[in-house]
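Since the structure comes first, as structure tokens, the remarks are kept for the end.
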Amino acid sequence: MRIALMAVSVMLAVAVSAEPAKKLEDMTDAEKVVKFTAFLEAHPFDPNAAAMQVWLLDWEDKSKDVVDVVCPGVVTPLMAKHTPNASQLMRQYIFGSAASQLIEPARKDQLLPNQVAGVHSMILAYRSMIATHPGDRIPFIDDLSQKDEQGQLEETLKPIVKPCSSGGKG
């Protein structure tokens, strides 16, 4: 794990060249979550993506800083057989929600904004994926992507997320 994180650190220093490079070991966990999530949105097939996802999943498992609610209405369409990149997209949905809560801690118990942030992160990763592999389209995500582009993602997600409201405040 340490070698993987060192490789990720080097890669992030190069990839995030718009800011002065901050060493991975100097970042807080919250900073890592936000950086890794954004990186995975733009570079889902990067050779370091798996190491970042492992770190994020481990962090998510231990963290008390975020509330993760996985709504079946969001992930069930991804569970169909032969859905390209389904598990990666589901993880991105969780990471996006977590990163959003770390950026705006007041959102921790707000279900709908966290779901919108998670789905938006998933959509960004999906767009990056299909830019590389156009044959891996998923109609459900295409529809959500279109709603996102039209500024209607939150309205679209309200009825999908409503059955999950016992896990947070909408």
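The values are calculated or read from the model by the stated rules, or taken from the named source; none is laboratory data. All values derive from a computational prediction rather than experimental measurement. Cβ atoms come from the backbone with ideal geometry, glycine included; neighbour counts cover every protein chain shown.
Quick one: which of V54, V33, V8 is modelled with pLDDT under 95 and more than 24 Å from K162 (Cβ to Cβ)? Talk me through it step by step, then tell me what you get.
Working: V54 fails: modelled with pLDDT under 95; V33 fails: modelled with pLDDT under 95.
Answer to the selection: V8.
Across region 51-68, what is the total count of residues that are of a type in the set (A, V, I, L, M), surrounded by fewer than 18 Cβ atoms within 10 Å (Cβ to Cβ) and either without any contact (Cβ under 8 Å) to a residue 40 or more places away in the chain or closer than 25 Å to L157 by Cα (or both)?
Of the residues in region 51-68, the ones of a type in the set (A, V, I, L, M) are 51-52, 54, 56-57, 66-67.
Adding the requirement that they be surrounded by fewer than 18 Cβ atoms within 10 Å (Cβ to Cβ) leaves 54, 57.
Applying the additional criterion that residues be either without any contact (Cβ under 8 Å) to a residue 40 or more places away in the chain or closer than 25 Å to L157 by Cα (or both) yields 57.
Matching residues across region 51-68 total 1.
Which condition number in (1) assigned to a helix (DSSP H, G or I); (2) under 27 Å from E31 (Cβ atoms) is the one that F140 fails?
Here F140 meets the rest and fails (2).
Matching residues to (1) closer than 10 Å to T37 by Cα; (2) surrounded by fewer than 20 Cβ atoms within 10 Å (Cβ to Cβ); (3) at pLDDT below 95:
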{"site": "A98", "(1), (2), (3)": "yes, no, no"}
{"site": "L111", "(1), (2), (3)": "no, no, no"}
{"site": "A125", "(1), (2), (3)": "yes, no, no"}
{"site": "T132", "(1), (2), (3)": "no, yes, no"}
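Here is a list of conditions, (1) at pLDDT below 95; (2) closer than 30 Å to R137 by Cβ; (3) of a type in the set (D, E, K, R), and K22 meets all of them except one; can you say which number that is?
Among (1) at pLDDT below 95; (2) closer than 30 Å to R137 by Cβ; (3) of a type in the set (D, E, K, R), the lone unmet condition for K22 is (2).
So which residues in region 69-96 are among the charged types (D, E, K, R) and either at pLDDT 95 or above or surrounded by 14 or more Cβ atoms within 10 Å (Cβ to Cβ) (or both)? First the steps, then the outcome.
To start, the set of residues in region 69-96 that are among the charged types (D, E, K, R) comprises 81, 91.
Across region 69-96, the qualifying residue is only R91.
Do you know which residues across region 123-154 are hydrophobic (A, V, I, L, M, F, W, C) and touching a residue at least 40 places away in the same chain (Cβ under 8 Å)? So that I can check it myself, show each step before the final result.
As a first pass, look at region 123-154 and keep what is hydrophobic (A, V, I, L, M, F, W, C): 123-125, 129-131, 138, 140-141, 144, 153.
L124, A125, M129, I138, F140, I141 - these are the residues of region 123-154 that are hydrophobic (A, V, I, L, M, F, W, C) and touching a residue at least 40 places away in the same chain (Cβ under 8 Å).
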